[in-house]
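Asks: Mind having a look at this structure? Questions to follow.
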Amino acid sequence: MPELPEVETVVRGLRAVLPGRRILSVRLGKTDFIDDPAAIEQRLPGTRVRSVERNGKFLVIALEASDNSLPSLSLLVHLGMTGSLVTRPAEAPAPPHTHVFFGLDDGRELRYTDPRRFGRMQLLENGAQALAHLGHDPLEATEAEFAAAIGGRRARIKALLLDQHVLRGMGNIYTDESLWRAHIHPMRIGAGLTKQEVRKLYRVVQSVLREAIRFRGSSISDYVDAEGQRGWFQQRHRVYDREGKKCVRCGAAIRREIVAGRGSYFCPRCQRAPRAQRRAG
């Protein structure tokens, strides 16, 4: 599933080409992932793109109505597991499973493709309010905000980092990579981390996310950026999807266990398990 670095990469690509463009037409295929398809068909034509932003794992396309008396709109897009949002010349062939076509005033189309249709698309009059329940953005949170969100919580640190009400945008890949770099086992309890460990984890999370953005995200399955290009950060993964391979830091075999309901990759030597877990082992 595209996580913060992948969504940020798509947003930056779209931000370079969409603001100022007017949407002239809307053509929809399958619509089971769209909240109120009729509203999108009826209200988007004639609007102008004001900005493209990221909120957690959501893309937020802010739109201005052609009539100033009408409210501004926000198109929320979640890429789900296999979604992609790209701009293409209108005459370019569309790949299979392309379900949304927005005709632009420069002769191109903004297209949404999603083979499994686990994504989401919704048109709102107040997009920011709809996402107000999400937690801190890990790239914007201060160290104090990060510590307050993590410290004192009795949940496992893997669960906390994945909880979008705690930190919006984190997912399985970058949680595992961050915990490995911070030498923290995914089963550790948030309240059990020392102040030094929380401080290190805060810095590592930001470092991993920024590095992944520089490499345009991780293309594990279907992810491509706004130009249809794959990312490169998967070549720098140290634990994710490397079960049985040697840890590049200590040489121990990477393990995979279910933590917080998700397959979790870690080094049993670099990331020491909690005491109770070690006794059970």
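The values are calculated or read from the model by the stated rules, or taken from the named source; none is laboratory data. Not measured: the values here are computed from a predicted model. As a convention, Cβ positions derive from the backbone with ideal geometry for all residues, glycine included, and neighbour counts pool all protein chains shown.
Asks: Could you say whether any residue in region 136-146 is modelled with pLDDT of 95 or more, in contact with an Asp or Glu (Cβ under 9 Å, 6 or more places away or on another chain) and surrounded by 17 or more Cβ atoms within 10 Å (Cβ to Cβ)? Don't jump to the end; show me each part of the working.
Replies: Of region 136-146, the ones modelled with pLDDT of 95 or more are 136-146.
Imposing the further condition that a residue be in contact with an Asp or Glu (Cβ under 9 Å, 6 or more places away or on another chain) reduces the set to 136, 139.
Of the ones still in play, those that are also surrounded by 17 or more Cβ atoms within 10 Å (Cβ to Cβ) are 136.
Yes, region 136-146 contains a residue that is modelled with pLDDT of 95 or more, in contact with an Asp or Glu (Cβ under 9 Å, 6 or more places away or on another chain) and surrounded by 17 or more Cβ atoms within 10 Å (Cβ to Cβ).
Asks: Of the residues that sit in region 11-33 and are closer than 18 Å to ALA94 by Cα and of a type in the set (Gly, Ala, Ser), which one is farthest from the chain's Cα centre (by Cα)?
Replies: SER25
Asks: Restricting to region 89-102, and then to whatever is buried (at least 18 other Cβ atoms within 10 Å of the Cβ) and not aromatic (Phe, Trp, Tyr), can you tell me which residue is nearest to VAL224 (Cα to Cα)?
Replies: The extreme case among them is THR98.
Asks: If I go through region 25-40 residue by residue, how many of them are out of contact with any His (no Cβ under 9 Å at 6 or more places or on another chain) and buried (at least 16 other Cβ atoms within 10 Å of the Cβ)?
Replies: Qualifying residue count for the region: 3.
Asks: Filter region 147-167 for residues that are closer than 20 Å to VAL60 by Cβ and either of a type outside the set (A, V, I, L, M, F, W, C) or in contact with an Asp or Glu (Cβ under 7 Å, 6 or more places away or on another chain) (or both); which is surrounded by the most Cβ atoms within 10 Å (Cβ to Cβ)?
Replies: Looking at the filtered set, the residue picked out is GLN164.
Asks: A further question follows. Could you please tell me which pairs satisfy a Cβ distance under 6 Å, a separation of 6+ or placement on different chains, a first residue in region 250-265 that is over 21 Å from MET1 (Cβ atoms) and among the charged types (D, E, K, R), and a second residue that is outside any strand (DSSP E or B) and at pLDDT 95 or above?
Replies: These pairs meet every condition: ARG255/PRO268.
Asks: Moving on. So LEU70 ticks every box in (1) modelled with pLDDT under 95; (2) closer than 19 Å to SER219 by Cβ but one. Which box is left unticked?
Replies: (2) is the only condition that LEU70 fails.
Asks: So ALA148 passes all but one of these: (1) assigned to a helix (DSSP H, G or I); (2) in the same structural domain as VAL10 (by TED's automatic domain parsing). Which condition number does it fail?
Replies: (2)
Asks: Pick out the one residue from ILE220, ILE184, ILE254, ILE213 that is in contact with a Pro (Cβ under 7 Å, 6 or more places away or on another chain), among the aliphatic types (A, V, I, L, M) and surrounded by 14 or more Cβ atoms within 10 Å (Cβ to Cβ).
Replies: Just a single option satisfies the conditions, and that option is ILE213.
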